[in-house]
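The values are calculated or read from the model by the stated rules, or taken from the named source; none is laboratory data. Note that the structure is a prediction, hence the values are computed from the model and not measured. Note: ideal-geometry Cβ built from the backbone for every residue, glycine included; neighbour counts use all protein chains shown. Side chains included, ligands, DNA and RNA excluded: accessible areas come from the protein's heavy atoms. Shrake-Rupley method; radii C 1.70, N 1.55, O 1.52, S 1.80 Å.
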Amino acid sequence: MTPVNDSAVNAPGNDAPAARQRVAVTGSSGLVGSALVRALRADGHQVVRLVRRAPAAEDEARWDPSGREQEVNAAALAGCDAVVHLAGAGVAERRWTAAYKRTLRDSRVLGTAAVAAAIASLDAPPRTFVCGSAIGYYGDTGDRPVDEDAPAGTGFLAEVCQDWEAAAGPAREAGVRTVLARTGLVVARSGGAWGPLFPVFRAGLGGRLGSGRQYWSFISLRDHVAALRFLLREDCPLSGPVNLTGPEPVTNREVTRAMGRVLRRPAVFAVPAPVLRLVLGEFAGDVLGSQRVLPGRLLAAGFSFAHPGIEEALRAALAEPR
């Protein structure tokens, strides 16, 4: 496990005043990206949103992560203090056909390579590059808790995450502080992988998946955005892989019970593993897999979670504005 290091002594607090920055964000229309943009603006930062269409507002600039040339408007990054790269096709949006697996990989690896190359091409690159990644990097960890010191796992998502993170190399080699934000399951009512669970459980149809013994490493949307803001601070000491998960991962069975309690609905149903495999195909292996991932480096750097427990995270999600 990552020990608490000396950087924690002088690390910035979550709510310490931050210098105003100009921040470019990809994936700004997604669940996390849109919340981050709102938070950054509330903090007084200037935000440039990289979009995949013709810009329609002064704060937008075009990029084309799916095009043959992997076009990124490097001029839009000039003068930015930081870049946050969150774009990527949704893992749970479609069945994993061979074509969609290519889409999942290319949307992350090629897009990251394009952004990193654009950053590295600048005469005065941004100080910080926060590149999205995922705890899929670790593969199935079973009951074993892991932090950022753990090696890469095996399987499709683990391989994608390794290539995804490697694609950020040009920015790091250009001297930019590069953070690989390995995200867990974001607890939010308004979207992401967790969003569809709320109406199912509210209808009284929720239940455990498979055995229910697999660990889910979650983080509330508010804590996720707060962690990204923490990583963007000029005085943040972190670089390299950082797990964006809460400090108390729980099993799917515990998640099921907590959802039932918070929503005041029975949660007695169960979806057997063979049914999940029939419905979800290859992705079922990741739903049934166990990842007990801890945010070792965030905690060592002094970050404080607002919603460390699953019930706190669920109640925070229910309090989200519609």
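Some notes on this structure:
- Residue check, S121 of a type in the set (S, T, N, Q) and within 27 Å of P196 (Cα to Cα): no
- One residue from A92, A87, A39 being buried (at least 17 other Cβ atoms within 10 Å of the Cβ) and either among the polar types (S, T, N, Q) or within 21 Å of the chain's Cα centre (by Cα) (or both): A87
- Residue within segment 200-207 that is on the phi < 0 side of the Ramachandran plot, open to solvent by less than 10 Å² (accessible area, probe 1.4 Å), of a type outside the set (V, I, T) and within 17 Å of the chain's Cα centre (by Cα) present: no
- Residues (more than 9 Å from I310 (Cβ to Cβ), part of a helix (DSSP H, G or I) and touching a residue at least 60 places away in the same chain (Cβ under 8 Å)) located in segment 248-268: L263
- Subset of segment 117-148 (residues that are part of a loop (DSSP other than H, G, I, E, B), open to solvent by 50 Å² or more (accessible area, probe 1.4 Å) and among the small types (G, A, S)): A124
- Among residues of segment 84-109 that are closer than 23 Å to A39 by Cα, those with a Cβ under 7 angstrom from a residue that is in a helix (DSSP H, G or I) and basic (K, R), sequence gap 6+ or separate chain, pair up as G88/R108.
- The listed residues are P266, P247, and the only one of them that is at pLDDT 95 or above, open to solvent by 10 Å² or more (accessible area, probe 1.4 Å) and out of contact with any Ser or Thr (no Cβ under 7 Å at 6 or more places or on another chain) turns out to be P247.
- Residue within segment 212-227 that is in a loop (DSSP other than H, G, I, E, B), on the phi > 0 side of the Ramachandran plot and open to solvent by less than 10 Å² (accessible area, probe 1.4 Å) present: yes
- Screening R53 against (1) within 20 Å of R182 (Cβ to Cβ); (2) open to solvent by 30 Å² or more (accessible area, probe 1.4 Å) leaves a single unmet condition, (1).
- Filter pass, S190 being open to solvent by 10 Å² or more (accessible area, probe 1.4 Å) and either in a helix (DSSP H, G or I) or within 26 Å of V51 (Cα to Cα) (or both): yes
- Failed condition for E234, given (1) modelled with pLDDT under 95; (2) buried (at least 17 other Cβ atoms within 10 Å of the Cβ); (3) within 28 Å of L77 (Cβ to Cβ); (4) more than 18 Å from the chain's Cα centre (by Cα): (2)
- Failed item in (1) surrounded by fewer than 22 Cβ atoms within 10 Å (Cβ to Cβ); (2) in contact (Cβ under 8 Å) with a residue 40 or more places away in the chain; (3) under 27 Å from C236 (Cβ atoms), with Q162 passing the rest: (2)
- Qualifying residue in segment 91-104 (condition: assigned to a loop (DSSP other than H, G, I, E, B) and at pLDDT below 80): yes
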